[in-house]
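This report concerns only the one structure given below.
The values are calculated or read from the model by the stated rules, or taken from the named source; none is laboratory data. Predicted, not measured: the structure shown is a model, and the values here were computed from it. No Cβ is skipped: glycine too gets one built from the backbone with ideal geometry, and neighbour counts run over all protein chains shown. Heavy atoms of the whole protein, side chains included, go into the accessibility calculation; ligands, DNA and RNA do not. Shrake-Rupley method; radii C 1.70, N 1.55, O 1.52, S 1.80 Å.
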Amino acid sequence: MLRSTFLAFGLCICAFQAAAQDIEITQRISGLDTPWGLAVLPDDTVLVTEIDGRLLSFANGTAQTVSGTPKVDQNGQGGFLDITPARDFATSRTLFFTYAKAMRGGSGTALAAAELSKDGKTLDNLRDLFVMSQGSRVGRHFGSRVVEGTDGTLFMTIGDRGDDMTAQNLGLHNGSVIRVNRDGSVPRDNPFVGQAGALPEIWSYGHRNPQGAGLDLQGNLWVSEHGARGGDEVNRIKKGANFGWPVISYGRHYSGLKIGEGTSKTGMEQPQAYWDPSIAPSGLLVYSGKMFPEWRGDIFVGALKFNYISRLQGSPLREVAQIKTDQTARVRDIIEAPDGAIWFISVGNGSIYTITPK
């Protein structure tokens with residue numbers, strides 16, 4: 001049974017001045033247990049994944065648990081992770097999920113799809129579209145976000161699973177962004193199709209633990225990813241590119257020792273922005289400007305460590321503002337709703353909030 005504290009719609013928490021813009025932060029849902037992924041559907045239904053495997057639905061003042069979800073292997077950072085509605089959800093009812101799936105050798109990051117029933121109570125036709133090639137018993141660095149590209153293909157981020165050098169191995173999915181079609185097949189134009197020793201789903205590699213992903217206004221994919229001690233990054237993803245982990249990094253090992261060969265190397269990409277010290281970045285949103293025109297094209301990244309939302313803009317990309325309140329405790333996901341409101345998950349408060357103009 002769902003706790004009654006799950007519903008707290010319309011409760012105004014605070015309003016303050018942020019970069020010459022009055023904003024209001026409103027608590028929408030409370031009482032959540034380790035929420036991870038968030039979606040707002042065209043009819044304003046809100047869907048939330050919890051890491052232990054539950055999918056929760058909030059609609060018309062009613063909360064319910066949705067049945068038919070994948071069987072997750074909750075292990076450390078792994079469990080029920082991201083949720084993304086298909087761009088044609090209004091007609092297809094299709095949802096995409098990422099989760100930790102039990103497999104030989106432990107567990108690995110998987111991508112699944114299902115259709116939400118018209119009454120919103122169950123997932124139908126649940127099927128895996130992709131499962132990473134190798135499992136691990138280490139409960140770290142699963143990634144994982146799923147984004148639908150402008151051409152209808154699906155991008156999913158996967159961490160290195162705590163095994164650094166696997167991110168440089170094209171024969172493994174560790175530390176990569178993968179790209180598949182909506183039926184799980186491999187697009188013919190993926191960069192490593194037909195290359196001996198390389199897995200065809202890989203789109204880019206050399207990533208440590210990308211936990212945020214989103215498209216910019218031109219349809220380019222951006223990710224935010226965890227460094228070690230320093231070196232958290234925002235990257236613009238390129239087809240076939242090597243983003244360097246663990247050969248290059250702006251951080252250090254937790255022991256304080258140097259990582260790899262330095263901060264740059266020929267043939268490896270530089271981040272668009274990085275943080276030192278680390279902020280532990282999670283969800284990433286490139287904003288449309290619908291409610292806040294002055295923020296059009298800005299990138300928002302949630303910080304798990306320092307409890308704020310970073311706003312970045314410009315070229316070179318840089319952090320220009322922080323939204324930091326009692327409500328931004330461990331921001332796990334951040335999305336834009338159909339009406340242009342910004343929604344975010346605060347794991348620290350077990351709550352979901354919106355940012356709107358005051």
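Just the protein heavy atoms count here, and of the accessible area of the chain at 1.4 Å, carbon and sulfur take up 47 percent.
Between (i) 39, 26, 18; (ii) 31, 28, 21; (iii) 29, 25, 19, which entry matches semi-axes √(5λ) of the Cα gyration tensor in Å as derived from the coordinates of this structure? Read-out taken from this structure: (iii).
The residues neighbouring Lys71, those whose beta-carbon lies less than 15 Å from its own, together hold a net charge of -1 under the Lys/Arg +1, Asp/Glu -1 convention.
For the chain, the solvent-accessible area works out to 40 Å² per residue, with a probe of 1.4 Å and every protein chain left in place. Each of the peptides 198-209, 47-58 was scored by the mean count of other Cβ atoms within 10 Å over its residues; in descending order, highest first, they stand as 198-209, 47-58. Using C-alpha pairs below 8 Å separated by at least 6 residues, the relative contact order for the range 121-234 is 23 percent. Note: relative contact order over the chain, using C-alpha pairs below 8 Å and six or more positions apart, is 13 percent.
The stretch between Glu294 and Thr34 holds 90.3 nm of extra length on full extension. This uses 0.36 nm per residue minus the Cα-Cα distance. Taking each of Lys101/Lys258; Lys290/Lys324; Lys324/Lys358; Lys121/Lys324 in turn, the alpha-carbon distance tops 26 angstrom for Lys101/Lys258; Lys121/Lys324. Across the range 150-292, Cα pairs under 8 Å and at least six residues apart give a relative contact order of 21 percent.
With each label modelled as a point 7 angstrom along the Cα→C-beta vector, the Asn181-Glu24 pair spans 4.7 nm. If the segment from Thr150 to Val320 were pulled out straight at 0.36 nm per residue, it would be longer than the present Cα-Cα gap by 58.4 nm.
Where only DSSP H runs of four or more residues are counted, the chain gives 0 deg cm²/dmol as its mean residue ellipticity at 222 nm, each run worth -39500 (n - 2.57).
Sorted on the mean count of surrounding Cβ atoms within 10 Å across their residues, most packed first, peptides 307-315, 35-43 read 35-43, 307-315.
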